[in-house]
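Following: one structure in C-alpha cells, then a few remarks.
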C-alpha cells in the first residue's frame with residue numbers, strides 16, 4: 001500500500017550553478033494552471049492506485065516557496081483536500097530557500113499542517129554562495145530559521161554541500177561550526193556532483209572549474225561524520241544525520257524501496273510495480289491532464305531481479321543496512337543465495353559487514369559507497 005507522496009514545484013526565481021533538477025524560471029509561467037493540474041493529477045493517481053492513507057508528504061522543487069501567498073494557499077488546500085493523510089501523524093515537509101519565506105508564507109504553511117521544513121543552505125560562506133549561484137546569504141539563514149521557529153516550526157532540516165569549487169577544509173569546518181551551533185534536529189550533507197546541462201558542467205568542460213581533489217573531498221566527508229556524531233546527530237543514511245526520532249520518514253521511503261506517488265512536472269514515482277516519470281516541460285505536463293490523463297512520459301515495469309538489486313543498493317545507503325529477514329519476507333529467497341558473490345567480495349575488501357542479521361557498509365565502505373552499490377547490479381538477473 002502506498003504511504004508517501006512527492007510533489008514537484010518546478011518554478012525558481014534563480015537557477016543555481018549545480019542544479020540539474022527539473023526547473024524553470026518563474027516569470028511568465030502558467031503557475032495557477034499548473035497548480036490546478038497538480039490537483040487533478042493527485043485525484044487521478046489516487047483513482048488508479050488507491051491508498052488507505054499517507055504517512056509522508058514532501059513538496060520539493062524547484063522552489064515551492066517561490067509561489068506567492070495566494071498560490072501557496074491554493075496548493076496547501078489542494079493537498080489537504082485531495083490526499084488522504086492525517087497532518088497530526090504524517091510527516092509533511094516543504095523545501096524552502098533561506099530568504100524566500102515571509103512570515104505570512106510561514107504562517108500559511110504552519111496553519112495548513114506542514115510540520116517539517118527543509119532549507120537549502122549549502123554553505124555559510126557568502127563568497128562561496130555567490131560562486132555557486134545561490135542568491136541568499138548566511139545572515140538570511142539565521143533570520144529565516146528564527147522566523148520559522150517563532151511561527152511554531154520545530155522540525156527543521158538544512159542541506160549542506162561539500163567539495164565545492166575552491167572550498168578548503170577550513171571553510172567546510174567553519175560551515176559545520178555554524179550549522180551545528182543552530183542545534184537543529186536534522187542535517188543533510190552531500191558532495192558536489194557536476195551534472196550535465198548545468199553551469200558548472202559547462203565550466204568544467206572549459207577547464208574553469210576549480211574542484212577540490214578527491215582526497216580532500218573524502219576528508220571532508222570523514223570530518224562531517226565525526227562532527228555530526230560528536231554533536232548527537234546520528235548518521236542514519238550516507239548523507240543524513242538526525243537526533244533520534246527526527247529521521248526523514250519520507251526519504252526512508254526511497255531507501256526502503258517501497259512505492260510512492262510522484263506528482264508534478266518531471267516528478268518520478270513508483271506505483272503499481274512501475275517506475276514512472278512525468279513529462280518535464282510545464283506545458284507538456286499540463287496538456288494530458290486537461291484531457292484527464294496522467295502526464296506520463298515513460299514507465300518501466302520493475303522485474304523481480306531489479307527489485308532485489310534495488311533493495312540492496314538503496315538499502316545499503318542506510319546505516320542499519322539491509323535486513324536479511326526482510327529480504328526473505330519480501331522476495332521469498334535468501335539474500336546470500338542471490339548475492340553470494342558480491343557479498344563475499346565486498347566483505348573481503350572490508351567494505352561490507354554482516355552483523356545481527358543485517359548487511360551494512362563499513363566505515364571504509366561509506367567512502368566507496370557507489371563502488372559497493374554497483375557490485376550488486378546485473379547479479380540477480382543471472383541467477
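Which ones in region 258-301 are farther than 30 Å from residue 327 by Cβ and either in the same structural domain as residue 64 (by TED's automatic domain parsing) or part of a loop (DSSP other than H, G, I, E, B) (or both)?
Listed by number, the residues that qualify are 264, 265, 266, 279, 280, 281, 291, 292, 293, 294, 295.
Taking the residues in region 246-257 that are part of a helix (DSSP H, G or I) and touching a strand residue (DSSP E or B) at 6+ places or on another chain (Cβ under 6 Å) as candidates, determine which candidate is surrounded by the fewest Cβ atoms within 10 Å (Cβ to Cβ).
That would be 249.
Please go through region 130-143 and give me each residue that is touching a strand residue (DSSP E or B) at 6+ places or on another chain (Cβ under 7 Å) and part of a helix (DSSP H, G or I), ordered by number.
Of everything in region 130-143, just one residue is touching a strand residue (DSSP E or B) at 6+ places or on another chain (Cβ under 7 Å) and part of a helix (DSSP H, G or I), namely 141.
Given 152, 245, 232, 166, which one is under 19 Å from the mean Cα position of the chain (by Cα) and on the phi > 0 side of the Ramachandran plot?
It is 245.
When the residues of region 206-228 are filtered to those that are modelled with pLDDT of 95 or more and in contact with a strand residue (DSSP E or B) (Cβ under 7 Å, 6 or more places away or on another chain), which remaining residue is surrounded by the fewest Cβ atoms within 10 Å (Cβ to Cβ)?
Checked region 206-228; the qualifying residue surrounded by the fewest Cβ atoms within 10 Å (Cβ to Cβ) is 225.
Quick one: is residue 224 in contact (Cβ under 8 Å) with a residue 60 or more places away in the chain and within 22 Å of residue 138 (Cα to Cα)?
Yes; evaluated as a whole, the condition is true for this residue.
Just checking, which of 365, 315 is surrounded by 15 or more Cβ atoms within 10 Å (Cβ to Cβ), touching a strand residue (DSSP E or B) at 6+ places or on another chain (Cβ under 7 Å), touching a residue at least 60 places away in the same chain (Cβ under 8 Å) and not assigned by TED's automatic domain parsing to the domain that holds residue 8?
Answer to the selection: 315.
Just give me the residues in region 47-78 being in contact with a strand residue (DSSP E or B) (Cβ under 8 Å, 6 or more places away or on another chain) and part of a helix (DSSP H, G or I), in sequence order.
48, 64, 65, 66, 75
Quick check: is even one residue across region 204-215 more than 23 Å from the chain's Cα centre (by Cα), part of a helix (DSSP H, G or I) and closer than 21 Å to residue 365 by Cβ?
The answer is yes; a qualifying residue exists.
Sort through 164, 176, 160 and tell me the only one that's assigned by TED's automatic domain parsing to the domain that holds residue 104, under 20 Å from residue 130 (Cα atoms), assigned to a strand (DSSP E or B) and touching a strand residue (DSSP E or B) at 6+ places or on another chain (Cβ under 9 Å).
Just a single option satisfies the conditions, and that option is 160.
Across region 1-33, which residue is modelled with the lowest pLDDT among those that are out of contact with any strand residue (DSSP E or B) (no Cβ under 8 Å at 6 or more places or on another chain) and over 22 Å from residue 160 (Cβ atoms)?
In this case the residue turns out to be 27.
The values are calculated or read from the model by the stated rules, or taken from the named source; none is laboratory data. Source: prediction; values computed, not measured. Methodologically, a virtual Cβ is constructed for each residue, glycine included, from the backbone with ideal geometry; neighbour enumeration extends over all protein chains shown.
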